[in-house]
Amino acid sequence: MEPTPLLERAKWIILLGALVALLGVLGVYLADAPEPVEIAILPPAPTATLAPIEVYITGAVAQPESVVSLAPDARVRDALQAAGGALPDADLSRLNLAAPLQDGAQVHVPRQGEAALGVPDGLGNAALPINLNTATLEELDTLPGVGPSLAAAILAYRAENGPFQTLEALLEVPGIGEATLARLRPLAIIEASAPEPSLLPPTLFSATRTTPPHRNRPTAQPAR
């Protein structure tokens, strides 16, 4: 039995209705769906570049009393290499080559047999510190970094310009720089030297003499 035109038409109506219903459900779903979120991809933040540090190195190195520029994470061994390396007589056993450095630090490489800073050979604790205004050539010669010629220059400056007023005045002595001054700071002091009596003004010198106390002489009794 062949389907009638009416039945065929009903099938198409049912299919069309199902399609419309499906489209309606799909439209409702799309309307309720959340809007897509845009994900912004930012470039990586630039890494902060640390500035190099500067270190002052003295002592038994190829280039002593020099300021070297090093990486921020530099160690003592890096400072020695930047100054040309240690000399054969350097006593590296007294240094911590792995110690980190800071900007503005000073590294002193001692020589073999060199006394530690602040306790030079020939000076006991009772002799420290040394008064630069009364020190002799022999006393100045015992200070670290001061030899006979530099000690003589200090005495010549003192004789020509008078007593030292500050430790910084040592920088005016030929041959003394910032490094030597830094090593002398804990070992030297400035105190006024007492002038000898022969150098005092006559009036002041006479005033310092002690006048013996006046003794009352006995009054002569009149003769009876």
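Coordinate-derived values only; no laboratory data. All of these numbers come straight from a predicted model, not from anything done at the bench.
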Exercise for review: For the range 51-59, take each phi angle, set θ = phi - 60°, evaluate the Karplus expression 6.51 cos²θ - 1.76 cosθ + 1.60, and give the result in whole Hz per residue in order, putting x for glycine and proline.
Suggested key: 6, x, 9, 10, 10, 9, 10, 9, x
**Study point:** Interchain or long-range residues, amide H under 5 Å from VAL107's placed H
**Key:** TYR56, ILE57, THR58
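Relative contact order, percent, of the range 53-109 when contacts are C-alpha pairs under 8 Å separated by at least 6 residues? Display every interim value, and only then the final one.
Working: 113 pairs, mean separation 27.0, N = 57.
It rounds to 47 percent for the range 53-109.
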